[in-house]
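To start, the structure under review is shown below, and the notes come after it.
The values are calculated or read from the model by the stated rules, or taken from the named source; none is laboratory data. Every value quoted in this text rests on a predicted model; they were computed, and no experiment measured them. Note that each Cβ is placed from the backbone with ideal geometry, even for glycine, and that neighbours are counted across all protein chains shown.
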Amino acid sequence: RDIRERELRLYTDAGRVCRPLFIVENQQLALQKRHIKWLNQGYRDDDGEEFKWEQLVKTGIIELLDAEEEETVMISMTPDDLENSRLQSAGINPHENDAEFDPAARLKAGINAHTWTHC
């Protein structure tokens, strides 16, 4: 779907490469620990069907997107990106304190560090 152009595009050619993406709703990952547990333990639902990859897709936990679709969706590449998005929507700048911390500071010797190693 291209919202800007008000178009619905359907690509049905064979061999389209799709990649699975986890769905995020209301800034929360749809995949939960119970889903992982069900996959590992071979959980079966009331109908006796085993919980597999297909159920993740059918229930909207994972979506398969091709390269064309990826251009019109918002994709968070890391869990940190998702957390930063949550903070920004709450009005908090996630990078506000970044300048206060010197990454090399933890490598510097402390003032009261003992300089003689032979004692």
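Structure notes:
- Within the range 12-33, residues that are within 21 Å of S89 (Cα to Cα) sit with their Cβ atoms under 7 Å from residues that are polar (S, T, N, Q), at 6+ positions apart or across chains, in these pairs: V24/S76; Q27/S85; Q27/S89.
- Residue tally, condition closer than 28 Å to R86 by Cβ and either in a loop (DSSP other than H, G, I, E, B) or within 11 Å of the chain's Cα centre (by Cα) (or both), over the range 1-14: 3
- The residues listed here are I23, I36, I61; of these, the one that is closer than 27 Å to L87 by Cβ and touching a Gly at 6+ places or on another chain (Cβ under 8 Å) is I23.
- In the set (1) out of contact with any Leu (no Cβ under 9 Å at 6 or more places or on another chain); (2) surrounded by 12 or more Cβ atoms within 10 Å (Cβ to Cβ); (3) modelled with pLDDT under 85, the condition left unmet by N112 is number (2).
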